Amino acid sequence: MMMKFTVEAERLKEEPATSVALKEMNGAEVFIETLKKHQVEVVFGYPGGAVLPIYDALYKNPIKHILARHEQGAIHAAEGYARVSGKVGVVIATSGPGATNVVTGIADAMMDSIPLVVFTGQVATTVIGTDAFQEADIIGITQPITKHNYQVKDVADFPRIINEAFHIASTGRPGPVVVDIPKNMATGIFVPKEGVTETVNLPGYQPTTTPNFLQIQKASQAITNAKQPLILAGAGVLFAKANEQLKELAEKYQIPITNTLLGLGSIEGTHPLFLGMAGMHGTYTANMAIQTCDLLINVGARFDDRLTGNLNYFAPNAKVIHIDIDPAEIGKNVPTEIPIVGDAKEALEALLNQNVPNGNTAAWLESLNVNQVQYPLHYDASGDRGLLPQQVLELVHEYTNGDAVVTTDVGQHQMWTAQYYKFSQPHNWVTSGGLGTMGFGFPAAIGAQIAKPDAKVVSIVGDAGFQMTLQELSLLQEMRIPVKVIILNNQALGMVRQWQETFHGERYSQSLISVQPDFVKLAAAYDIKGYKIETYEDAKVQLKEALASDEPVLIDCRVVQKESVLPMVAPGRGLHEMIGVKPE
């Protein structure tokens, strides 16, 4: 697959920047040179008055710039880029509304531990606090939703601040860092401070990566003694690149695995020890495994409410081992008998090196296998109900062999994708978990495709969420980015409608969308091939054709409106109190 970058970017490839001593540069030029030292290859952004000096310096350098059509699109694209590449996503936005437009993405990255460095323009230091044109206190606004934030107050501090920002964003538990750049700091002349090095020295920030040996020994003994152990694998496994160690531990001790939403892909979706996703819309087998296990080994998950249900009923028989790089997560929601603070990969390798005797889990695995057979995921395809979203996702999985990079927004389509798409490899699942951001999936797919230009990237979106960031179709047109956009179009705010049906007496207050654009014509306006699919028979043919294309494609799948995501754990209920569980 080939993507066409802008003419300007192609020109810059042919005109390498000349080397200039830092002492001869202004702040903006030092900014660019420092990004290059961090091997930044691409930035996502949108120019404006306060960042014009930065964009002028960028013009003279070979770093690719992706011009989103809205700052929210830029930051979600950076999240997708970071999630699949493992690199830090870089964003540039101007002051005032430019900066506030990236706040949702910053909060999203904070909740889901995505490494970003977000550079925001700011009015000159001489007018900060005067309500100057396009002034906003982005430091105050983002303080609760960043790992750290900075405002540059001395041009000489540019290298140190940027180095620290990248270090903080990418180490420990990853997350976003904001660097606010007043315009006069970007135009000011860089004068190095004597005795100041670019080496990062943060005594107050020293994440623990090596697990405590005594705790590892306790965990190993607990694994040996357990009759019904269960591994709960979260996104921390993926961030630590520990998927191979996870599988080795599970296979060595014959321990079944369930995933959190964000942990999907940490083990193959077809692996015999994999029980499916756990939580509110998890599989019956996974949820009942949590409720009946005698040892729960949490690796890199934070025990959020959508996973646990009512905490009073969560894993009532289990001793809990919790491995996490962030000590604040251990014991926060669920009491933990064996806490292990450290990098998930190091912790799993340490457990594997213990070589303790295997426990006997054969009877446990057999009981779980019975549950998988008797209580599988299901949907009613009888009669002439129309095209079902589950059918679409099963076809997408079949035609991509589980190898695609898949992105989603939040809602019904997200849950159906998590249930029915079986990932064959890690780092291919990009979704908004903690914050649950509508409009996330499509721009995130753009960033993911830029990170992996040869991968098949499929963005599964709802008709409502897609309309929040569809302006980024311009990027697909301009750069011929071959993302496949599949709209599960039920003409509704699907999950809102489902909750209104289930808990609010079918009073569909502002959740049904009767007027929509013609998405196929919209795609055509952007010179993108569009499909409209209304039947399962058409889906089998047209989805196969669309997914095989090397060009950007938009597919409007008109699915049944009153279809619910099942099974489900109602709010306030325990995982054992699922509704919509139907024996085969």
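The values are calculated or read from the model by the stated rules, or taken from the named source; none is laboratory data. Keep in mind that this is a model prediction, so the values were computed, not measured. Here the Cβ positions follow ideal geometry from the backbone for every residue, glycine too, while neighbour counts run over all protein chains shown. Ligands, DNA and RNA are stripped out before the accessible areas are found, and what is left, the full protein with its side chains, is counted by its heavy atoms. Shrake-Rupley method; radii C 1.70, N 1.55, O 1.52, S 1.80 Å.
Considering only Ile223, Leu476, Gln291, and ranking their Cα positions along the charge dipole of the chain that arises from unit charges at the beta-carbon of Lys, Arg, Asp and Glu, the one farthest toward the positive end is Ile223.
If region 434-530 were replaced by its equivalent ellipsoid, with semi-axes equal to the square roots of 5 times the Cα gyration tensor eigenvalues, what would those be, largest first, whole Å?
Details: eigenvalues 163, 50, 17 Å².
Semi-axes (√(5λ), whole Å): 29, 16, 9.
Dividing the alpha-carbon radius of gyration of region 534-583 by the rule-of-thumb value 2.2 N^0.38 Å gives 1.78.
Dimensions of the chain based on its C-alpha atoms, expressed as ranges along the principal axes with the largest first, amount to 72, 62, 43 Å.
Run through the DSSP bridge list for the chain and note the antiparallel percent, rounded to the nearest 5. Beta bridges within the chain, antiparallel portion: roughly 5 percent.
Would you mind telling me the share, in percent, of accessible area of region 419-572 contributed by carbon and sulfur at probe 1.4 angstrom? Roughly 51 percent, rounded to a whole number.
Seen from every direction in turn and averaged, the convex hull around the alpha carbons of region 463-510 projects onto 3.8 nm². Relative to the longest principal axis of the Cα atoms of the chain, the long axis of helix 158-170 lies at roughly 0 degrees. In region 321-426, a dipole from Cβ-located charges (positive for Lys and Arg, negative for Asp and Glu) runs towards its positive end, and of Gln414, Leu368, Pro327 it is Leu368 whose Cα lies farthest in that direction. Over all Cα atoms in region 83-138, the spread is summed up by Rg and Dmax: 13.2, 42 Å. Using a probe of 1.4 Å, the accessible surface attributed to Leu435 totals some 70 Å² when neighbouring protein chains are kept in position. Our summary gives region 428-475 a relative contact order of 41 percent, counting only alpha carbon pairs under 8 angstrom and 6 or more residues apart. Nearest 10 degrees, 0 to 90: what angle lies between the long axis of helix 213-225 and the longest principal axis of the chain (Cα atoms)? Its long axis makes an angle of about 20 degrees. On C-alpha positions alone, give me the angle between the axis of helix 389-400 and the longest principal axis of the chain, in degrees, nearest 10. For 389-400 against the chain, the angle is about 70 degrees.
Percent of Cα-Cα pairs per 10 Å bin, from 0 to the last occupied bin, for region 95-223, please list those. Percent of pairs per bin, in order: 12, 35, 29, 14, 6, 4, 0. Here r is the Cβ-Cβ distance between Ala362 and Lys332 and R0 is 51 Å; the resulting FRET efficiency, rounded to 0.05, is 0.90.
Can you give the extra length, in nm with one decimal, that the chain gains between Asp294 and Lys521 once fully stretched, where that is 0.36 nm per residue apart less the Cα-Cα distance? Let's see the in-between values first.
Values: separation 227, 0.36 × 227 = 81.72 nm, distance 5.58 nm.
Answer, rounded to one decimal: 76.1 nm.
Give, as a single signed number, the net charge of other residues whose beta carbon lies under 10 Å from the beta carbon of Ala546, with Lys and Arg counted +1 and Asp and Glu -1. Let's see the in-between values first.
Details: positive: Lys484, Lys529, Lys544; negative: Glu545, Glu551.
Once all neighbours under 10 Å are counted, the net charge is +1.
Extents of region 324-383, taken as max minus min of Cα coordinates on every principal axis and listed largest first, are 53, 31, 22 Å.
Taking all protein chains together and a 1.4 Å probe, the residues Met568, Met415 rank Met415, Met568 from largest to smallest accessible area. Computed extension length for Phe133-Val370: 78.8 nm, one decimal, from 0.36 nm per residue of separation with the Cα-Cα distance subtracted.
Give the shape of region 415-489 as rounded, prolate or oblate, defined through the alpha-carbon gyration tensor: a ≥ b ≥ c are the square roots of its eigenvalues, a/c under 1.5 means rounded, and otherwise the shape is prolate if a/b is larger than b/c and oblate if not.
It comes out oblate by the Cα gyration axes.
Counting only protein heavy atoms and using a 1.4 Å probe, the accessible area of Ile325 comes to about 40 Å². Region 258-316 and region 429-476 have Cα centres separated by 26 Å.
Placing +1 at every Lys and Arg Cβ and -1 at every Asp and Glu Cβ, with all other atoms neutral, what dipole size does region 273-428 have around its Cα centre, in debye to the nearest 20?
Values: 7 positive and 17 negative charges, 43 e Å.
Computed charge dipole of region 273-428: roughly 200 debye.
For the pair region 105-138 and region 155-170, the centres of their Cα atoms are 16 angstrom apart.
The trypsin sites (Lys or Arg not before Pro) of region 266-362 that DSSP puts in a loop, and whose beta carbon has at most 15 other beta carbons within 10 Å, are Lys332. At a probe radius of 1.4 angstrom, the accessible area of the chain per residue rounds to 40 square angstrom. Using Cβ point charges alone (K and R +1, D and E -1), the dipole size of the chain about the Cα centre works out to roughly 440 debye. Once you reduce region 550-584 and region 204-218 to the center of their Cα atoms, the two points are 39 Å from each other.
Taking the Cα centre as origin and putting +1 on Lys and Arg beta-carbons and -1 on Asp and Glu beta-carbons, what dipole magnitude results for region 456-584, to the nearest 20 debye?
On the way: 14 positive and 17 negative charges, 39 e Å.
Computed about the Cα centre, the dipole is about 180 debye.
Determine the shape class of region 225-346: with a ≥ b ≥ c the square roots of the Cα gyration tensor eigenvalues, call it rounded for a/c under 1.5, and otherwise prolate if a/b is greater than b/c, oblate otherwise.
Working: a/c = 1.28, a/b = 1.06, b/c = 1.20.
Rounded.
I need the fraction of alpha carbon pairs in region 52-111 separated by more than 13 Å, rounded to a whole percent. Cα-Cα pairs of region 52-111 separated by over 13 Å account for 63 percent. Short-range pairs are left out: with C-alpha atoms under 8 Å and at least six residues apart, the relative contact order of the chain is 15 percent. Projected onto its three principal axes, the C-alpha set of region 305-437 covers 54, 38, 33 Å, listed from the longest axis down.
Taking the protein heavy atoms of region 230-287 in the context of the full set of protein chains, the accessible area attributed to carbon and sulfur is 54 percent at 1.4 Å. Just to verify a number: FRET efficiency for Glu551 and Gln39, C-beta to C-beta distance, R0 = 41 Å, to 0.05? The computed FRET efficiency comes out at 0.85.
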